[in-house]
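Okay, structure first, notes after.
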6 protein chains.
Amino acid sequence: MARPDGRLPDHLRPVTLTRGWSTHPEGSVLVEFGATRVLCTASVTEGVPRWRKGSGLGWVTAEYAMLPRATNTRSDRESVKGRVGGRTHEISRLIGRSLRASIDLKALGENSVVLDCDVLQADGGTRTAAITGAYVALYDAVTWLAARRSLAGRPENVMHRSVAAVSVGVVAGEPRLDLNYDEDATAEVDLNVVCTGTGDFVEVQGTGEAGVFSRGQLDALLDLAVAGCLDLAEAQRKALS
Amino acid sequence: MARPDGRLPDHLRPVTLTRGWSTHPEGSVLVEFGATRVLCTASVTEGVPRWRKGSGLGWVTAEYAMLPRATNTRSDRESVKGRVGGRTHEISRLIGRSLRASIDLKALGENSVVLDCDVLQADGGTRTAAITGAYVALYDAVTWLAARRSLAGRPENVMHRSVAAVSVGVVAGEPRLDLNYDEDATAEVDLNVVCTGTGDFVEVQGTGEAGVFSRGQLDALLDLAVAGCLDLAEAQRKALS
Amino acid sequence: MARPDGRLPDHLRPVTLTRGWSTHPEGSVLVEFGATRVLCTASVTEGVPRWRKGSGLGWVTAEYAMLPRATNTRSDRESVKGRVGGRTHEISRLIGRSLRASIDLKALGENSVVLDCDVLQADGGTRTAAITGAYVALYDAVTWLAARRSLAGRPENVMHRSVAAVSVGVVAGEPRLDLNYDEDATAEVDLNVVCTGTGDFVEVQGTGEAGVFSRGQLDALLDLAVAGCLDLAEAQRKALS
Amino acid sequence: MARPDGRLPDHLRPVTLTRGWSTHPEGSVLVEFGATRVLCTASVTEGVPRWRKGSGLGWVTAEYAMLPRATNTRSDRESVKGRVGGRTHEISRLIGRSLRASIDLKALGENSVVLDCDVLQADGGTRTAAITGAYVALYDAVTWLAARRSLAGRPENVMHRSVAAVSVGVVAGEPRLDLNYDEDATAEVDLNVVCTGTGDFVEVQGTGEAGVFSRGQLDALLDLAVAGCLDLAEAQRKALS
Amino acid sequence: MARPDGRLPDHLRPVTLTRGWSTHPEGSVLVEFGATRVLCTASVTEGVPRWRKGSGLGWVTAEYAMLPRATNTRSDRESVKGRVGGRTHEISRLIGRSLRASIDLKALGENSVVLDCDVLQADGGTRTAAITGAYVALYDAVTWLAARRSLAGRPENVMHRSVAAVSVGVVAGEPRLDLNYDEDATAEVDLNVVCTGTGDFVEVQGTGEAGVFSRGQLDALLDLAVAGCLDLAEAQRKALS
Amino acid sequence: MARPDGRLPDHLRPVTLTRGWSTHPEGSVLVEFGATRVLCTASVTEGVPRWRKGSGLGWVTAEYAMLPRATNTRSDRESVKGRVGGRTHEISRLIGRSLRASIDLKALGENSVVLDCDVLQADGGTRTAAITGAYVALYDAVTWLAARRSLAGRPENVMHRSVAAVSVGVVAGEPRLDLNYDEDATAEVDLNVVCTGTGDFVEVQGTGEAGVFSRGQLDALLDLAVAGCLDLAEAQRKALS
């Protein structure tokens, strides 16, 4: 059974990382994984939250959201519902943890960066696209801080690891890389993997959406995901050069 | 005193209306007034809210929002704060009223359209850009309904008036059209005007931000605004042809 | 077609401004426009909100609300719903802006005044009655501050403009002043105008409730509104003398 | 030690019950206990909440609230805070239970009455004034239903008991009836009592605000309260005749 | 008519007070009144809320809650509903007031204690069990403070009164002590009484659930309640020795 | 470096599963992993949520929460804060997904089960204890439904897989099973694994808390986790027999 867009099982969708898409933020990237389109902005503020003051450490946090009609049918706004949903919370926390793995918070010094990842159009893999794009936005924000001589450490030490993410899954019995929405909706197993540029793991989140999965399936999926993340790391390097 | 971008007092900023910017919605327009950039989507659902059932009339409503870093400094998300702010509410209501003036709800039949206007980048005039873009998105959504033969009336009767909006203001004593953020922030008087394609008024909202204004000033501002709206109506016609 | 209460098109309803209706507030006025009855109180606190500290400027803000059975059918309380509605927000903001136009915030010094406008009974024109009454309550609160020698400027400089408001509209094709509820519900055009005691504009908010309006109609409505506001300014002067 | 207003320990403050204070509600009473002033309205709706449908029984509920400047210092609005406070909840529930004791819900039939008790000015005893006034408003609403022949039972059976309430307390060691705010703030014991017109108890809520109280003190306070409630029942009868 | 569990009308259910049920809190008691089971914990923090700083006085507050399936049918969580209900608020306030009567806040010094009373299983009398158990937990927390020499006064002066609570009611015409759920649901009168170890009253809250009650009934219920509270005080003394 | 409680790296803490801890729920288990203590209840309701009606499928959902003083320092209640936090949401969703893997929703028929997992005392591994206990509570609830002949399928088909969970992590460079709080707080890598009774995976969630982890580390942790889950499955079998 061929993939809906004719890709090979171990191929990514076309990936683009457009830096400077917005003019106001210190870092701003429009990331596209096929038809999935996420605007990632990095906003710098001097100082850190109260509970962290005087620690000498910086802080990086993330907020993920979807426009109401990013998806095929319209969703109600969380602002109108008056509460952030569980899925949103969960993804925001994942992005924040992942990006904190890329940065040396001591070298950042007492500065804060908020990464806003707003899904403008969704076609599967929004959280992994967000992490991949947010890394580039965060890098630009750190460069901006370096230019203002506001970092505690040497600029080259601050972003000490690149971080990228991809989804993998078992669809129709076949392990596949970078699922789009239609594949994701029918996947038997769904795994989101966050890796460094050298192929180590930052996060592994696997779910048997329609049943369970064996150790062998998990191993095959991890292989696919690591290879995909290395490709994304290369794309990040190119975008930043 | 020249305008920051060298425009004449009665000139609009460059206006673009990009239809079909997103693939999911029934109508979708990225509208730009200079650096102001608003994504307007029109989402159709069959049927109407409970209080309107059986009336034979359709319903059109709007929701306006800003991405947290659309502006120069980051704003907290209303979803995280748990409540929609007064300014957001006010603008959403204005957009909804304005667009309902463009459509014959009886000819629409018992269908609902939600217009989502999300500001991706703000540089003054976001509400007027939103109205101008939402009109085009709504038009496309009605065309989509016509193609499915889901309208109660004849398609050419549904969108019975075009609607566009522009801000005008007195800056440094001079009446000016289509203020950008820097002008808006220093305006003595600020007027948002919604007009039809034939120059009639749908809404007029004027505020003496730093003082009061005379009947003469109001008249001059209304003249500027009507002319600006007629230019925008022309841009809408071109975009739709 | 005669008006429901037999008034001429350019006549206000009977207006009363009862000062000192409540004993606790620094200023307190029960304002009546016909059957519309709003309790306006002015509450003084020393100091200003944090973002304004050290500016030497005072602050005036307003909150508007309706008792649940001020209207013909009962509305749910916003406290019970857990959120303030869009209309309430919008009117509170309008009242605040309007009253800030009446006062020299520098002469007020770092004092804050909250204007609470609670509609005890509604029959159209609640927001315009609220502005008209709140001006008198604010005046009394400033007098109270003057008596305690707590103003930064000379008392006669603080309230530098009187402010009053009235609604006008086109009903059955006829421009009319100070609409009551039945007229408001059937008006084709509805305009709320806030003027100074010398007939300059503070706010103009016009809506084509059932269609659109021409420049000629707008001009006729503005004429009516200015004349009505001047009458209200006279009533304020009498009440304060 | 004399009472602040010179009353004898077993005397009520001047009590007024003004029926028909508002024009919209089916029942509406402005009740005053001295300077305490509460607007009680009774709003009738046909039918009952879902969980009660088909039971043949009616429903009566109450909501209590204070205007922000009903008190000596301004309180934030619960609508703005986004939640109803514990004290408000508690008093609303007390008023609802008390009034349900006055009415035969079977004879009322499947009709609902909401009693809104809004404190316009507070000087102690607001909850007891509210109960006393709400009884009269409820009575008028039942009369209104009777006139429309909408009751399930015979009108004279519906309001089967009159209900009134008063506060008593020990101040400076002395049991006193109907405390005003200054007395309430210094009371050692505070008791709110709801009685029928024949002196039976509906509710008794006593608190040792500053310590504890003996059986003897409780007995003395109950005696005072029953006598006070009988006087209030007489005032209700007069107001309704 | 015998009681469901065969008890005499003036008998308590079996009462157990298990100290140290949890390991983290400074005081922790699992209290059982028959099948009613409440976990009471006392959490100490140094310092007091801002409004009390510098007063030299400590602060004690309480929060009551039920697990969703403590009851026969599941209730929605208040955290999920986004608001604390009226009943919860009311009981939390009652527990807080009652426990503050047991402690000399001056001798406590500027320390705060939060009493959390979580109902693990409900069979009537949860608020009275909570008060009875919270007293023991508070006592243990004060002992913990004494051991750290953190009290302002002498340890033996801090807990200056023991406090316990019980419900009484008229069921099938008979005054009964310590109602279980089935009795509570059919009680004509329901009274919650909080007493000191010497039989003085802290709180008396009586409600005619299905009608009204006479002075004679009230007297009989108070007699039963005081006797029950004295028995509970004895159980507290035993648990603490 | 030895473990704080002297365990071997691949040993679980003592595990107890006490069925029938509460009397009201259809299934109720107090699960203990060492000092971690979670009350898991299963509440059955006939029917399913609206969006699932007529599907023939049942529904299982879960809610996780902590008592405020389950932890070493007190946390504010989410009900009082008015919103459920991100961590709570995330764990509730994990428990729900995990338990749905254990049950055949078609054989369950249109019945709903809510699994409430309330942490009474926390010492690491609360989410994995909750899943392990909730499986037993769900099993009992299904048995209860079977006894009432309310299942769509044959009872032995409904609970088609056992599900248990355990945490593993790298502490001081050593892979360890079932971390307690002190170990969890210092772990370099933290992995929560949900397995079936035959060692297949339901969920795998791994995080590099303080850095990243290699494929070799991940493999070692997965080995430990599967062995631990098989031991827990054995404990579940014993508890249910």
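Are any residues in the stretch B:144-184 among the small types (Gly, Ala, Ser) and surrounded by 23 or more Cβ atoms within 10 Å (Cβ to Cβ), and if so, which ones?
Correct list: B:Ala164, B:Ala165, B:Ser167, B:Gly169.
What's the total number of residues in the stretch E:190-241 that are more than 14 Å from the chain's Cα centre (by Cα), within 21 Å of D:Glu209 (Cα to Cα) and of a type outside the set (A, V, I, L, M)?
Counting residues in the stretch E:190-241 that are more than 14 Å from the chain's Cα centre (by Cα), within 21 Å of D:Glu209 (Cα to Cα) and of a type outside the set (A, V, I, L, M) gives 5.
Mind counting the residues in the stretch D:204-227 that are more than 27 Å from E:Gly197 (Cβ to Cβ) and not aliphatic (A, V, I, L, M)?
At the first step, the residues of the stretch D:204-227 found to be more than 27 Å from E:Gly197 (Cβ to Cβ) are D:223-227.
Subsequent filtering for residues that are not aliphatic (A, V, I, L, M) retains D:223.
Counting residues in the stretch D:204-227 that are more than 27 Å from E:Gly197 (Cβ to Cβ) and not aliphatic (A, V, I, L, M) gives 1.
Sort out which residues of the stretch D:132-157 are within 15 Å of D:Pro25 (Cα to Cα) and among the polar types (S, T, N, Q), and write them in order of number.
Correct list: D:Thr143 only.
Has the stretch D:116-126 got any residue that is of a type in the set (A, V, I, L, M), surrounded by fewer than 24 Cβ atoms within 10 Å (Cβ to Cβ) and more than 18 Å from the chain's Cα centre (by Cα)?
First, pick out the residues of the stretch D:116-126 that are of a type in the set (A, V, I, L, M): D:119-120, D:122.
Of the ones still in play, those that are also surrounded by fewer than 24 Cβ atoms within 10 Å (Cβ to Cβ) are D:119-120, D:122.
Now restrict to residues that are more than 18 Å from the chain's Cα centre (by Cα): none.
Scanning the stretch D:116-126 turns up no residue that is of a type in the set (A, V, I, L, M), surrounded by fewer than 24 Cβ atoms within 10 Å (Cβ to Cβ) and more than 18 Å from the chain's Cα centre (by Cα).
Kindly provide the set of residues from the stretch B:212-235 that are surrounded by fewer than 23 Cβ atoms within 10 Å (Cβ to Cβ) and either polar (S, T, N, Q) or within 23 Å of B:Ala101 (Cα to Cα) (or both), ordered by number.
Listed by number, the residues that qualify are B:Ser214, B:Gln217, B:Leu222, B:Asp223, B:Leu224, B:Val226, B:Ala227, B:Leu230, B:Asp231, B:Ala233, B:Glu234, B:Ala235.
When you scan the stretch F:21-29, do you find a residue that is within 30 Å of F:Leu224 (Cβ to Cβ) and under 15 Å from the mean Cα position of the chain (by Cα), even just one? Steps first, answer last, please.
Pass one, the stretch F:21-29, residues within 30 Å of F:Leu224 (Cβ to Cβ): F:21, F:27, F:29.
Still in the list and also under 15 Å from the mean Cα position of the chain (by Cα): F:27, F:29.
Within the stretch F:21-29, one or more residues are within 30 Å of F:Leu224 (Cβ to Cβ) and under 15 Å from the mean Cα position of the chain (by Cα).
What number goes with the only condition from (1) of a type outside the set (Ser, Thr, Tyr); (2) farther than 27 Å from D:Asp231 by Cα; (3) crowded, with 23+ Cβ neighbours inside 10 Å; (4) touching a Pro at 6+ places or on another chain (Cβ under 9 Å) that D:Ala137 does not pass?
Failing condition for D:Ala137: (2).
Here are D:Trp51, D:Trp59, D:Trp21: which of them is aromatic (Phe, Trp, Tyr), free of Cβ contacts under 8 Å to residues at least 24 places away in the same chain and within 29 Å of E:Gln205 (Cα to Cα)? Spell out the reasoning first.
Working: D:Trp59 fails: free of Cβ contacts under 8 Å to residues at least 24 places away in the same chain; D:Trp21 fails: within 29 Å of E:Gln205 (Cα to Cα).
Unique residue meeting the criteria: D:Trp51.
In the stretch E:194-211, what residues are crowded, with 21+ Cβ neighbours inside 10 Å, free of Cβ contacts under 8 Å to residues at least 60 places away in the same chain and more than 8 Å from every other protein chain (Cβ to nearest Cβ)?
Result: E:Cys195, single match.
Being facing another protein chain (nearest Cβ under 9 Å), crowded, with 22+ Cβ neighbours inside 10 Å and out of contact with any Gly (no Cβ under 6 Å at 6 or more places or on another chain): is that true of F:Val84 here?
Working: facing another protein chain (nearest Cβ under 9 Å): yes; crowded, with 22+ Cβ neighbours inside 10 Å: yes; out of contact with any Gly (no Cβ under 6 Å at 6 or more places or on another chain): yes.
Yes: the conditions hold for F:Val84.
Given the conditions (1) touching a strand residue (DSSP E or B) at 6+ places or on another chain (Cβ under 6 Å); (2) within 14 Å of chain E (Cβ to nearest Cβ); (3) acidic (Asp, Glu), and given that D:Asp116 satisfies all but one, which numbered condition is not satisfied?
The failed condition is (2).
Looking only at the stretch A:105-130, which residues are without any contact (Cβ under 8 Å) to a residue 60 or more places away in the chain and either touching a Lys or Arg at 6+ places or on another chain (Cβ under 9 Å) or part of a helix (DSSP H, G or I) (or both)? Walk me through how you get there before you give the answer.
Applying the first criterion (without any contact (Cβ under 8 Å) to a residue 60 or more places away in the chain) to the stretch A:105-130 yields A:105-109.
If the condition is that a residue be without any contact (Cβ under 8 Å) to a residue 60 or more places away in the chain and either touching a Lys or Arg at 6+ places or on another chain (Cβ under 9 Å) or part of a helix (DSSP H, G or I) (or both), then A:Leu105, A:Lys106, A:Ala107, A:Leu108 are the ones that fit.
Is it true that some residue in the stretch E:141-152 is within 14 Å of another protein chain (Cβ to nearest Cβ) and modelled with pLDDT of 95 or more?
Here is the first cut: in the stretch E:141-152, the ones within 14 Å of another protein chain (Cβ to nearest Cβ) are E:141, E:144.
If we keep only those that are modelled with pLDDT of 95 or more too, we end up with E:141, E:144.
Yes, there is a match, as at least one residue in the stretch E:141-152 is within 14 Å of another protein chain (Cβ to nearest Cβ) and modelled with pLDDT of 95 or more.
Quick grid of which residues meet (1) touching a Lys or Arg at 6+ places or on another chain (Cβ under 6 Å); (2) of a type outside the set (S, T, N, Q); (3) at pLDDT below 95:
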{"site": "B:Met1", "(1), (2), (3)": "no, yes, yes"}
{"site": "B:Pro14", "(1), (2), (3)": "no, yes, no"}
{"site": "B:Ser28", "(1), (2), (3)": "no, no, no"}
{"site": "B:Thr36", "(1), (2), (3)": "no, no, no"}
{"site": "B:Ala42", "(1), (2), (3)": "no, yes, no"}
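If we scan the stretch B:45-61, do we find a residue that is within 7 Å of another protein chain (Cβ to nearest Cβ) and in contact with an Asp or Glu (Cβ under 9 Å, 6 or more places away or on another chain)? Give the steps one after another, and end with the answer.
Of all residues in the stretch B:45-61, those within 7 Å of another protein chain (Cβ to nearest Cβ) come to none.
There is no residue in the stretch B:45-61 that is within 7 Å of another protein chain (Cβ to nearest Cβ) and in contact with an Asp or Glu (Cβ under 9 Å, 6 or more places away or on another chain).
Any chance the stretch B:79-86 includes a residue that's of a type in the set (Val, Ile, Thr), modelled with pLDDT under 95 and more than 21 Å from the chain's Cα centre (by Cα)?
yes
Return the residues of the stretch F:73-104 that are touching a residue at least 40 places away in the same chain (Cβ under 8 Å) and hydrophobic (A, V, I, L, M, F, W, C); say none if nothing qualifies. So that I can check it myself, show each step before the final result.
Of all residues in the stretch F:73-104, those touching a residue at least 40 places away in the same chain (Cβ under 8 Å) come to F:94, F:97-104.
Answer for the stretch F:73-104, where residues must be touching a residue at least 40 places away in the same chain (Cβ under 8 Å) and hydrophobic (A, V, I, L, M, F, W, C): F:Leu94, F:Leu99, F:Ala101, F:Ile103.
Out of all the residues in the stretch B:169-184, which are within 16 Å of B:Asp5 (Cα to Cα) and either within 13 Å of chain C (Cβ to nearest Cβ) or of a type in the set (Phe, Trp, Tyr) (or both)?
Of everything in the stretch B:169-184, just one residue is within 16 Å of B:Asp5 (Cα to Cα) and either within 13 Å of chain C (Cβ to nearest Cβ) or of a type in the set (Phe, Trp, Tyr) (or both), namely B:Tyr181.
Provide a single number: the residues in the stretch F:87-113 that are within 11 Å of chain A (Cβ to nearest Cβ) and aliphatic (A, V, I, L, M).
The total comes to 3.
The values are calculated or read from the model by the stated rules, or taken from the named source; none is laboratory data. As the structure is a prediction and not an experimental result, all values here were calculated from the model. As a convention, Cβ positions derive from the backbone with ideal geometry for all residues, glycine included, and neighbour counts pool all protein chains shown.
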